[in-house]
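First comes the structure, then the notes that go with it.
Please treat every number below as a calculation from the coordinates, not as lab data. These numbers come from a predicted model, not from an experiment. Because the Cβ atoms are built from the backbone with ideal geometry, glycine has one as well, and the counts that use them run over all protein chains shown.
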């Protein structure tokens with residue numbers, strides 16, 4: 001790879017990482033403000049809509065964003081943040097898919113199915129960024 005191509009590729013990779021951190025933060029904020037996002041089964045509602053989980057997702061997203069903007073660019077730390085973001089996306093996709101499998105198809109189930117597809121897509125983007133980092 002030529003030097004110019006490598007610099008362009010690194011900038012594109014950095015842009016994807018900033019996008020991932022923004023989506024993680026937005027996902028955490030969305031879950032924080034929608035206190036009834038997970039509603040089925042009723043016995044798990046309190047655990048899945050817990051504010052501490054939402055705060056942890058927001059903290060990971062914001063700290064990754066601040067690290068990318070102001071921090072030192074160390075590969076190990078960046079890969080650690082990418083692993084954390086990948087775990088968030090995959091855990092949300094798994095929980096949403098689990099809800100879809102036991103829930104009748106209502107309007108909320110259709111909304112959750114689109115979110116599941118999006119989370120799997122962002123999980124794949126995280127994997128690509130972690131591979132090329």
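The table below gives the values:
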read-out: At R0 = 25 Å, FRET efficiency that the Cβ-Cβ distance of residue 75 and residue 48 yields, to 0.05; value: 0.15
read-out: Segment residue 18-residue 94, extension gain: residue separation times 0.36 nm, minus the distance between their alpha carbons; value: 25.0 nm
